[in-house]
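Here is the structure we will look at, set down as structure tokens.
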Amino acid sequence: MLKRILLLFFVCALSLSCSEKGREEATRDHFVDKLMRQMSVEEKIGQLNLPVAGEIVTGEARSSDVSARIRAGEVGGLFNLKGAAKIREIQKIAVEESRLGIPLLFGMDVIHGYETIFPIPLGLSCSWDMQAVERSAAIAAQEAGADGISWTFSPMVDVSRDPRWGRVSEGAGEDPFLVSEYARAMVRGYQNNGVLACVKHFALYGAGEAGRDYNTVDMSRGRMYNDYFPPFKAAVEEGAASFMASFNEIDGVPATANRWLLTDVLRDQWGFEGFVVSDYTGIQEMVEHGIGSFAEVSWRALDAGLDMDMVSEGFLSHIKKGIEQGRVSVKDLDRACRRILEAKYDLGLFDNPYQYCQEEKVPGFVFSPELRKEARSIAADSFVLLKNDNVLPLRKEGTIAVVGPLANTRENMPGTWSVAARLEESRSVLEGIREAVQDKARVLYAKGSNLMAASELELEKRSTLFGRTIPRDGRSDAELLREALAVASRADVIVAALGEASEMSGESSSRTDLNIPQVQRELLQALVATGKPVVLLLFNGRPLTLEWESAHVPAILDVWFGGSETGDAVADVLFGAVNPSGKLTMTFPKNVGQIPLYYAHKNTGRPLPEGEWFQKFRSNYLDVDNDPLYPFGYGLSYTTFAYSAVELSAQRLKREESVTASVTLTNTGGCAGKEVVQLYVRDVVGSVTRPVKELKGFQKVSLAPGESKTVHFVIDASCLGFFDSSGNYVVEPGEFQVFIGPSSRTENKASFTLYE
Ligand code: BGC
């Protein structure tokens, strides 16, 4: 009876909220209809135009006089302009000086924080803590939202398995399930705090050939639907308001004008109702792609389902002519214009166009000590301990040598795409360590090397193009090394802060050599040769190749780029105030030749038997084994954990049933710690080949020393099926293996059978 009453209550509540939603939509439709009836063709086209403003540009900016364009009703939004007062001034032109007074959207690349900067997304994902991910997006939205921004070009949810691609730093790694969870958390964090998310780059941008940015993509539909699309679909389900089309082609047609992608998949299959913006000059670039003149590609993009033109001004220049020549339908123009007006309506901009300009809130709130404290703790949880031969945590005593070109730089700490950051107020490693030890230990510093050798000046220049340099020390490489060794000789332990500068990963920063730059490796080798304990504090926006380091350096802590609070977060982990708990979300290969290397690969018809190095006529290499250096899901702690065998609540089940898989986890070490318990599933036999393992769940568990907890995962059809090449989800009967363990390499497993 109680159940029935509850059900009735639920149904009533649902229909009430449905009708409320219906009413709201009707009011919005009425408003937009009325407005659009007053709009000229030119004004409608204007709404689709998104020029860039401000100093942050990643290409050619077209509009010369943006204010005049706004006054003429030729602009729908602006992006990368910073500051509530400036934004208010521009908004005023739109609202008070244009004929219809339609407010502008103000966008920005708020990627991993606004002024309070969190770890780069790849690092953030290594926390496997979706509450922390959501919180970081919420803080970013609150800060940006107070300072005039209503729309962020984030999250980037491109799955990527190629660390040569510099933009892996902006995503959450190689796994569709994990990236989907991340996508949901980010969309919630932004949109529950009043800022529109823009999910990018739709789609397959992370699969450019040879890891070269903007390069050609060619991929099967099965792989798209199963591996590259899921995070985008998850974002739609979470209510994401906008999408950004990617630069690359799909089946020979650039995403920007790909009707199958933007309309058939995104709208018809997934039910997306928001708007789609191109990437920076995405329309114009289709001329270079070679699919038509500027006018033709502009028409084609609109027809395919693109709604807004970032920077190209192809819509502005060619749509009207297209309509006159019968090449563009007014219906398509209306559709796109309506979607943008709807987004503005939903944000409340027609009621209060200045609601995002909270000049009085900014000073005490943005980059406040409270928010920075949260960023510090999230950063510490993103670090991954790759190796530790009893060196860490360090004691605050004796003499500590802090060495390396990344040790004393504030501006490199936030990492790529932190356009609103106060770089000079970020915390460096040296500052963090000094602050933590106070007068308990002596801290010595030497730069040790420049970012790159004197012989690599051109490469160094290209690697720091956006201006976050590590100023070159006038002394020779040899002199710098000598000084570092002198400092090291007086120390009990050496902390070497080495790796990439922040702009060596990110957009337009592909690399084919994934080693730490040679001059820094030489420094590291010399430091290790002293025989003193060395901690490699690794800065990187992507997996690097670390074979020598992992064999010879006693401790390696991967700190990515930890955001504005990096220095203090590093000190928290080095001295044990925080026990590291991050786990890799991208495989670290042994060498570049192994790429793409990812855990969820297929078995092939000639797999290498487990534990083997090489067998003739098997799928392997002559010169390196198939294993990664560090696998997906891997990361150490200052304590240790033991897993019990996997237990299943059933050995046989029907399609509509579920099974619970459990393990008991025990903290077997000497301090409290957090462990990311990972669930993988293998569909042993399918109508098409299936990966050897797929992540289907994870839980981050905190345990005191000696404490045990049983962790349960419910496995149902949503974990067992796959998408066929038309995008239909199918679940096939047969045997499934369930793995639960500390990384993707776990062999702790049980199996069950699914039957019709
Ligand atoms: C990038 C996008 C970014 C846009 C706007 C492009 O170059 O690919 O990710 O959102 O610029 O700054």
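Whole-Hz Karplus values for segment 66-79 come out as 5, 4, 5, 4, 5, 4, 7, x, 9, 9, x, x, 9, 9 Hz, taken residue by residue from phi with 6.51 cos²θ - 1.76 cosθ + 1.60 and θ = phi - 60°; glycine and proline positions read x.
About its Cα centre, the dipole of the chain is roughly 820 debye, where the only charges are +1 on Lys and Arg Cβ and -1 on Asp and Glu Cβ. Checked against a 29 Å cut-off, the cross-linked pairs LYS373/LYS532; LYS387/LYS440; LYS82/LYS344; LYS361/LYS440; LYS709/LYS749 give Cα-Cα distances beyond that limit for LYS373/LYS532; LYS361/LYS440. Under 14 Å of direct C-alpha separation, and excluding same-chain neighbours fewer than eight residues apart, LYS616 reaches these aspartates and glutamates: ASP625. Of the listed residues CYS198, CYS671, the order by accessible area with a 1.4 Å probe, largest first, is CYS671, CYS198. Distance between Cα centroids, segment 64-90 to segment 190-218: provide it in whole Å. Taking the Cα centre of segment 190-218 as reference, the centre of segment 64-90 is 26 Å away. Distances between placed amide hydrogens fall under 5 Å for ARG442 paired with GLY398, THR399, ILE400, all partners being 5 or more residues away or on another chain. Backbone amide hydrogens, once placed in the peptide plane, bring TRP151 within less than 5 Å of PHE106, MET108, LEU196, excluding anything fewer than 5 places away on its chain.
For GLY697, the residues whose modelled amide H falls within less than 5 Å of its own, excluding neighbours fewer than 5 places apart on the same chain, are LEU679.
The residues of the chain present an accessible area of 38 Å² per residue when probed at 1.4 Å with all protein chains retained. The Cα atoms of segment 519-589 give a gyration tensor whose axes a ≥ b ≥ c have a/c of 1.5 or more with a/b no greater than b/c, which makes the shape oblate.
Put simply, the C-alpha atoms of segment 375-574 give a gyration tensor, and the ellipsoid matching it has half-axes of 23, 20, 16 Å, longest first. The packing ranking, built from the mean of other Cβ atoms within 10 Å per residue, places the peptides 426-432, 600-606, 182-188, 740-746 in the order 182-188, 426-432, 740-746, 600-606, highest first. For the chain, the longest principal axis of the Cα atoms and the long axis of helix 314-324 meet at an angle of about 30 degrees. If I fit a long axis through the Cα atoms of helix 176-191 and take the longest principal axis of the Cα atoms of the chain, what angle between them do I get, 0 to 90°, rounded to 10? Helix 176-191 sits at roughly 60 degrees to that axis. Between THR409, GLY727, THR216, the Cα set farthest toward the positive side of the dipole of the chain (charges on each charged residue's Cβ, about the Cα centre) is that of GLY727.
For VAL684 and GLN358, a Förster radius of 41 Å and the Cβ-Cβ distance give a FRET efficiency of 0.15, rounded to the nearest 0.05.
Phi angles across segment 569-585 convert, under the Karplus curve 6.51 cos²θ - 1.76 cosθ + 1.60 with θ = phi - 60°, into 3J(HN,Hα) values of 5, 4, 4, 4, 7, 4, 9, x, 5, 10, 8, x, 9, x, 9, 5, 10 Hz, Gly and Pro given as x.
One chain, two ends: LYS92 and ARG335. Fully extended at 0.36 nm per residue, the span grows by 84.8 nm beyond their Cα-Cα distance. Computed from the C-beta positions of GLN518 and GLU747, the FRET efficiency with R₀ = 35 Å rounds to 0.40. Model label sites at ASP268 and ARG462, defined 7 Å from Cα along the beta-carbon direction, differ in position by 4.3 nm. Taking only protein heavy atoms and a 1.4 Å probe, the accessible area of the chain is 50% carbon and sulfur. Net charge dipole, segment 622-756: roughly 360 debye, given to the nearest 20, about the Cα centre with Cβ charges of +1 for Lys and Arg and -1 for Asp and Glu. The heavy atoms of TYR345 offer some 70 square angstrom of accessible surface to a 1.4 angstrom probe. Solvent-free Debye calculation, one equal scatterer per alpha-carbon of segment 639-755: log10 I(q)/I(0) at 0.09, 0.24 Å⁻¹ equals -0.27, -1.33.
Remark: segment 114-122, residue by residue, has Karplus-estimated 3J(HN,Hα) of 9, 9, 6, 9, 9, x, 3, x, 4 Hz, where x stands for each Gly or Pro and the curve is 6.51 cos²θ - 1.76 cosθ + 1.60 at θ = phi - 60°.
Excluding same-chain neighbours fewer than eight residues apart, the lysines reachable from LYS321 by a Cα-Cα span under 23 Å are LYS44, LYS331. Quick one: what does P(r) look like for the chain with 10 Å bins over all Cα pairs, in whole %? Spelled out per bin, shortest first, that is 3, 14, 23, 25, 20, 12, 4, 1, 0.
If a spin label sat at a point 7 angstrom from the Cα of ARG259 along the line to its beta carbon, the backbone N atoms of segment 305-326 nearer than 11 Å would be those of 305.
Here's the picture: charge each Lys and Arg Cβ at +1 and each Asp and Glu Cβ at -1 in the chain, and of PRO691, VAL681, PHE588 the one pushed furthest to the positive end of that dipole is VAL681. Put the Cα centre of segment 352-412 next to the Cα centre of segment 416-478 and the gap is 15 Å.
Using helices alone, I'd like the mean residue ellipticity at 222 nm for the chain: each DSSP H run of four-plus residues gives -39500 (n - 2.57), total over residue count, nearest 500.
Only helices count here, giving -9000 deg cm²/dmol.
Please name whichever of GLY474, SER718, VAL738 sits farthest to the positive end of the charge dipole of the chain, dipole taken about the Cα centre and charges placed at Cβ: Lys and Arg +1, Asp and Glu -1. Result: VAL738, furthest along the dipole toward the positive end. Estimated at 0.36 nm per residue, the fully extended path between THR604 and GLU424 surpasses their Cα-Cα distance by 59.7 nm.
Computing FRET efficiency as 1/(1 + (r/R0)^6) for ASP346 and ARG482, where r is the C-beta to C-beta distance and R0 is 60 Å, gives about 0.45. Between GLU647 and SER455, the modelled label-to-label distance comes to 6.2 nm, taking each label 7 Å out from Cα in the direction of the beta carbon. What's the long-distance tail for segment 704-754, i.e. % of Cα pairs beyond 18 Å? So the pairs more than 18 Å apart make up 51 percent of the total in segment 704-754.
The values are calculated or read from the model by the stated rules, or taken from the named source; none is laboratory data. The structure displayed is predicted, hence computed values, not measured ones. Don't worry about glycine lacking a Cβ; one is built from the backbone with ideal geometry, like all the others, and counts go over all protein chains shown. These accessible areas exclude ligands, DNA and RNA; they are computed on the full protein's heavy atoms, side chains included. Shrake-Rupley method; radii C 1.70, N 1.55, O 1.52, S 1.80 Å.
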